[in-house]
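Scroll down for the structure; my scribbles are underneath it.
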Amino acid sequence: MTVSEDVWAENDTTPDEIEAALRNLLRERHAANRAIAPARVLNLVVVVDRAWKGEVANRLERVGRYHPSRTILCSVEEDRDTLDAVAVMSYEESSGSELTVAHERVEIDMGVQHLSRLDTIVDPVLVTELPTMLWTPQRHRDAAEVLMPIIDVILLDSEDEADVDTAFARASALLRSVYVVDLAWLRTTPWRERLAAAFDPADRRPALSRLTDVQIRHRADSRASAELLVGWLCSRLHWNGNRPQIGLDPVEQEAPGLAGVKVAWEGGCSLSLDRDRGGLTARERAPNGDERLWKVLGASRGEGGILGEGVRQALLRDPTYGPALYAAQEVCR
């Protein structure tokens, strides 16, 4: 199918004019093709510096099939007094009566002084009665305080903070008010899935209570992901005073996240998972010293896939993140 776009743009505009433009775009397109309907699942609000607008927009383009229904990208620029806006409705051209879903994207250029009343700018442009997610990938995290009454989910990346303690403290504070989706947590998903699957057989599960060593290798700026994986193990296995030896080792790696995980248990047994092209390389050592090596395909989703999963998680509720976060704050200090 061919993707088409209807575009509206205006300088020195208002939130009400933007909302009216979106309604007009939809009305005109629906009149031309009744098979086109607007997606009505999720609002995503993004607040970012003007200098980072292009990069963030490119990341949003790579989320795959988990596009928000309406994305509102607020671009903050010094010395700007007016609101300039572009509204885009994109859809796939189709023949016949097959239903086609349209997604809407709004880019609003604003000044720093607009941030204190950001709620009055964003609220009229939201699709009402839909959950709203906020993402502030660079600065302007104080925007969350202004928008808190109208948002349901905050998307963050604990690896954006130079200090892990600061990142986890912020995530813990936000969890008291909204649902938090942490990209650092989502980068551990393939590793958690493979570890859980490895110990899923009934005859393997007793080994979980006899772990002696947990070693995690991670990119230097991805310690948050490593600690969250430790927190997940701790919270799920109910470690108290008696826990295995834990090692977190930074390594050079192009992609953010983890490079390898190794767990060992009594009897000289171990299982290691290492990042490799196309997936993970798994190596298991038996009590008699025999080793088995195999490839786990398709483990990596890339940063675009992780961001897409973050958008999808806005509609889900992962009950394991909070306990893992709190356990990481205790175990890794």
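The values are calculated or read from the model by the stated rules, or taken from the named source; none is laboratory data. The structure displayed is predicted, hence computed values, not measured ones. Note: ideal-geometry Cβ built from the backbone for every residue, glycine included; neighbour counts use all protein chains shown. We work out accessible area using only protein heavy atoms, side chains counted, and drop any ligands, DNA or RNA first. Shrake-Rupley method; radii C 1.70, N 1.55, O 1.52, S 1.80 Å.
Quick notes on this one:
- Taking the 1.4 Å solvent-accessible surface of region 198-323 as the whole, the part contributed by carbon and sulfur is 48%.
- Atom-type composition of the exposed protein surface of region 80-159 places 47 percent of the accessible area on carbon and sulfur (1.4 angstrom probe).
- Selected from Ser272, Leu42, Ala85, residue furthest toward positive end of dipole (the chain; charges at beta carbon): Ser272
- Surface composition of region 10-53: carbon and sulfur atoms hold 47% of the protein heavy-atom accessible area at a 1.4 Å probe.
- Proximity of backbone amide H atoms, modeled 1.01 Å from N, is registered between Asp276 and Thr281 at under 5 Å, excluding neighbours fewer than 5 places apart on the same chain.
- Most to least accessible of Tyr326, Tyr321 (protein chains only, probe 1.4 Å): Tyr326, Tyr321
- Net charge dipole size for the chain [Lys, Arg +1 and Asp, Glu -1 on Cβ; Debye, nearest 20]: 1740
- For the chain, the solvent-accessible area of protein heavy atoms averages 48 Å² per residue (probe radius 1.4 Å; ligands and nucleic acids excluded).
- Label point distance in nm, Asp276-Arg236, each placed 7 Å from Cα along Cα→Cβ: 2.2
- The residue among Trp191, Leu26, Phe168 whose Cα reaches farthest toward the positive pole of the charge dipole of the chain, with charges on the beta-carbon of Lys, Arg, Asp and Glu, is Trp191.
- Amide proton proximity set for Val251, modelled H, under 5 Å, gap of 5+: His218, Arg219, Ala220
- 3J(HN,Hα) from dihedral phi, region 46-60, Karplus parametrisation 6.51/-1.76/1.60, rounded to Hz, x for glycine, proline: 10, 10, 8, 5, 3, 5, 9, 4, x, 5, 5, 4, 5, 4, 5
- Cα→Cβ-extended label distance, 7 Å offset, between Arg65 and Glu77, nm: 3.8
- Rounded to whole numbers, the Karplus 3J(HN,Hα) couplings from phi for region 119-127 are 4, 6, 8, 7, 4, x, 8, 6, 7 Hz, using 6.51 cos²θ - 1.76 cosθ + 1.60 with θ = phi - 60°, and x at Gly and Pro.
- Centre separation in Å (Cα based) which lies between region 91-139 and region 317-331: 30
- Contour excess over end-to-end distance, with Cα ends at Glu330 and Glu145 and 0.36 nm allotted per residue: 63.9 nm
- Taking all protein chains together and rolling a 1.4 Å probe, Glu28 ends up with roughly 120 Å² accessible.
- Between amide H atoms placed 1.01 Å from N, distances below 5 Å from Gly111 occur with Glu77, all of them 5 or more places distant or on a separate chain.
- Rounded to whole numbers, the Karplus 3J(HN,Hα) couplings from phi for region 163-176 are 10, 5, 4, 5, 4, 5, 5, 5, 4, 5, 5, 5, 4, 6 Hz, using 6.51 cos²θ - 1.76 cosθ + 1.60 with θ = phi - 60°, and x at Gly and Pro.
- Peptide packing for 100-110, 80-90 was compared via the average number of neighbouring C-beta atoms within 10 Å per residue; ordered from the highest value, the list is 100-110, 80-90.
- Dimensionless Rg over Rh [region 145-238; C-alpha; Kirkwood]: 1.05
- Amide N proximity, region 193-221 versus Trp294 label position 7 Å along Cα-to-Cβ, cut-off under 15 Å: 194-202, 204
- Separation of the Trp52 and Leu208 label points, Cα + 7 Å toward Cβ, nm: 3.7
- Simple rule: put +1 on each Lys or Arg Cβ and -1 on each Asp or Glu Cβ in region 61-218, find the dipole, and look at Ala102, Pro131, Gln113; the Cα lying farthest toward the positive end is Pro131.
- Debye equation applied to the C-alpha atoms of the chain, log10 I(q)/I(0) at 0.10, 0.12 Å⁻¹: -0.67, -0.88
- Quotient of C-alpha Rg and 2.2 N^0.38 Å, computed over region 47-158: 1.13
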